[in-house]
Each structure stands twice: as C-alpha cells, then as structure tokens.
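Enquirer: Quick one: the structure is below, questions incoming.
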Amino acid sequence: MKTRRSERLIDMTHYLLDHPHKLVSLTFFAERYQSAKSSISEDLAIIKKTFQQRGTGLLETVPGAAGGVQFIPKIPYEEAKQFIMELGDRLSEQDRLLPGGYVYLSDLLGQPDLLRQIGRVIASMYLDKKVDAVMTVATKGVPIAQAVSYYLNVPFVIVRRDSKITEGSTVSVNYVSGSSERIEKMELSKRSLARGSRVLVVDDFMKGGGTVNGMKSLIEEFEAELVGITVFAESKFNGQRAINDYTSLLYVKDVDTQTKTINVVAGNYFKG
C-alpha cells in the first residue's frame with residue numbers, strides 16, 4: 001500500500017538510523033513505499049538536510065546502477081566536547097576511587113544512553129578509515145566495543161585471558177602488564193578475525209598500556225592491520241607506556257587517596 005510522504009519520511013529516517021554504513025538502493029525504498037524514485041530522491045534530500053542541520057551525521061549518495069544512499073553517523077565537535085566534559089565531572093565523584101588508583105566505571109558503562117553516545121563519539125573518529133572489526137578484551141571493554149561496532153556496522157571480537165572450549169582453536173600471545181609488569185597471556189579464537197582485517201582496538205581503562213599492546217601483538221599474529229587505538233579513560237602513569245599512539249576520551253589527571261579526590265579532564269581526543 002502506498003504511503004504518505006510524512007509516513008515515508010519518518011520510516012526512512014528510522015531505517016537509515018538503524019542501518020549505519022549500509023548502502024541502501026533507491027529501488028529498495030521505492031518498492032518499500034510503492035513510490036516513484038523521483039519522490040524517494042526528494043525525501044532523501046529533506047532527510048540529508050535535516051541530518052546536517054541537527055548534526056546527526058552524513059547522508060552520502062553513491063551514484064551508478066549499484067549505488068544508493070548511505071548514512072554515516074557523526075557527532076559535532078561542540079556536542080562531543082560537552083558530552084566528554086560531563087562524563088569527566090561524573091568520573092570525578094569521590095566515591096569512584098578504587099584501590100590502586102583505579103576509577104569505578106561500571107555504572108556508567110552499563111547505561112545504554114551513555115554507551116550509545118560513547119560509541120558515536122569514537123566511531124566519528126574513523127569516518128574516513130576502513131574498519132573491518134572492533135577488538136577489545138573481556139570484560140569491561142565489551143559494551144564499548146559493541147557500541148562502536150554498531151555505529152561502524154562491523155563485527156566486534158573479544159580477546160580473552162583464559163581458554164573457553166566454546167571458542168575452538170585459538171591464537172595466544174604473552175604480554176607484559178604495563179602496571180604490574182607481570183607476564184600474562186591473552187588469546188583469540190581463530191574464527192573471530194579474518195587474515196588481513198583492518199582492526200580498531202578499544203578498551204575501557206588504560207594505565208601502562210600493556211593490555212592494549214597485547215591486543216596489538218595479537219593483530220600482528222593474525223596478519224591483520226591496526227587502524228587505531230581508543231580508550232574510554234587513561235590514568236596518569238609515571239613509567240614508560242607500552243604504547244604511544246592512541247586516543248583517550250578522558251584523562252585521570254590526579255588521584256589523592258588521602259582526601260579521596262579525583263581530577264578527571266578531557267583526554268587527547270580533541271588534540272588530534
């Protein structure tokens with residue numbers, strides 16, 4: 001049954017938002033709404049303009065017989081900055097301080113609205129880079145990786161520190177923990193990542209960078225390519241980090257265990 005323009009606009013917008021980075025043909029929309037392609041093109045022009053004005057993202061047109069439109073999620077600079085500053089304020093709350101100078105994050109990383117925005121912020125960094133998979137290590141990084149993979153429309157893979165029979169054959173590497181300087185092991189199922197994949201690494205919290213460096217080594221074992229590294233938060237570290245080229249949304253600048261105060265500021269996300 002043919003639909004009204006107002007109904008088409010709502011449904012098309014909803015469909016595009018739910019399918020980021022997916023190429024959708026005009027024929028698909030024309031058949032979906034039993035409308036002429038010329039009408040669909042006019043509708044898409046309205047949606048494109050609205051997305052741009054609201055900072056929702058980009059609606060790119062791909063010409064040719066196999067072309068169509070593709071929604072690319074993006075977040076405006078000011079909106080991202082405001083969001084990260086607000087997160088910094090929340091992470092500065094006194095009751096978040098844990099032994100060892102760590103900051104409690106689990107409640108924030110368990111809120112769907114915050115996770116969606118975190119995923120959108122991180123994914124926006126890689127709009128012009130081809131990403132085949134998002135990698136993280138179990139367990140705290142999993143919700144972040146899932147949020148990022150949604151906005152990039154790619155799979156996410158989970159590196160584990162212990163073997164699971166359900167993983168099948170695995171590839172393992174030894175790495176040095178950046179904070180404790182202990183030798184530890186991590187592994188990834190051989191079926192999780194295709195050779196030659198372009199991989200984005202994300203994690204929740206970084207001190208010395210040993211865990212992230214371990215994932216970097218795993219990527220090399222799979223003969224894959226590292227696209228980038230982004231962590232939700234990093235802490236001040238007096239030693240030599242295991243990695244140097246990374247992006248952080250937040251930086252735990254100072255922790256005072258005596259007064260139980262935490263000073264959290266924006267990370268190097270805005271310095272790129």
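Bear in mind these aren't lab numbers, they're just calculated from the coordinates by the rules spelled out. Computed from a predicted model, the values in this text were never measured in an experiment. With ideal geometry, Cβ positions are generated from the backbone for all residues, glycine too; neighbour counts draw on all protein chains shown.
Enquirer: For the range 240-272, which trypsin sites (Lys or Arg not before Pro) are both in a DSSP coil and crowded by at most 15 other Cβ atoms within 10 Å?
Expert: Answer by residue number: Lys260.
Enquirer: Here's a follow-up. For all pairs of alpha-carbon atoms in the chain, what percent lies in each bin of width 10 Å, listed from the first bin to the last filled one?
Expert: 6, 26, 29, 21, 12, 5, 1
Enquirer: Which cross-chain or sequence-distant (5 or more) residues have an amide H under 5 Å from the amide H of Ala224, H modelled 1.01 Å from N in plane?
Expert: Gly196
Enquirer: Applying the Karplus parametrisation 6.51 cos²θ - 1.76 cosθ + 1.60 with θ = phi - 60° to the phi angles of the range 124-133, what ³J(HN,Hα) value in whole Hz is obtained for each residue in order, glycine and proline being reported as x?
Expert: With the stated coefficients, the range 124-133 comes to 4, 6, 10, 4, 9, 10, 6, 10, 9, 7 Hz.
Enquirer: Any idea what the alpha-carbon Rg over 2.2 N^0.38 Å comes to for the range 94-211?
Expert: That ratio works out to 1.12.
Enquirer: Can you work out ³J(HN,Hα) from phi for every residue in the range 112-119, in order, using Karplus 6.51 cos²θ - 1.76 cosθ + 1.60 and θ = phi - 60°, giving whole Hz and x for Gly and Pro?
Expert: x, 5, 5, 4, 4, 5, 4, x
Enquirer: Name the long-range amide H neighbours of Asp204: under 5 Å, sequence gap of 5 or more, or other chain; modelled H, no Pro or chain starts.
Expert: Gly141, Phe232
Enquirer: For the range 169-237, state which GluC sites (Glu not before Pro) are in a DSSP loop and have at most 14 other beta carbons lying within 10 Å of their beta carbon.
Expert: Glu181, Glu223
Enquirer: What list of ³J(HN,Hα) values in whole Hz, one per residue of the range 230-242 in order, does the Karplus curve 6.51 cos²θ - 1.76 cosθ + 1.60 (θ = phi - 60°) give from phi, with Gly and Pro shown as x?
Expert: Result, ordered by residue: 9, 10, 5, 8, 10, 10, 5, 9, 7, x, 8, 5, 6 Hz.
Enquirer: If you bin every alpha carbon distance in the range 6-149 into 10 Å steps from zero, what whole percent lands in each bin?
Expert: Result, from short to long distances: 10, 33, 29, 18, 8, 3, 0 percent.
Enquirer: Next question, about the same structure. Given H placed 1.01 Å from N in the peptide plane, which residues other than close sequence neighbours of Leu250 have an amide H under 5 Å from its amide H?
Expert: Ala233, Glu234, Gly267
Enquirer: Order these by the 10 Å Cβ neighbour count, fewest first: Val212, Val131.
Expert: Val131, Val212
Enquirer: Moving to a separate point now. In the range 165-227, which trypsin sites (Lys or Arg not before Pro) are in a loop and have at most 16 other Cβ atoms within 10 Å, using DSSP for the loop call?
Expert: The qualifying sites are Arg182, Lys190, Arg191, Arg195.
Enquirer: Over the chain, what is the mean sequence separation of C-alpha contacts under 8 Å (at least six apart), divided by residue count, expressed as relative contact order in percent?
Expert: Normalised by residue count, the contact order of the chain is 14 percent.
Enquirer: Determine Rg/Rh for the range 5-73; Rg is computed over alpha-carbon atoms and Rh is the Kirkwood hydrodynamic estimate from the same atoms.
Expert: Value, to two decimals: 0.92.
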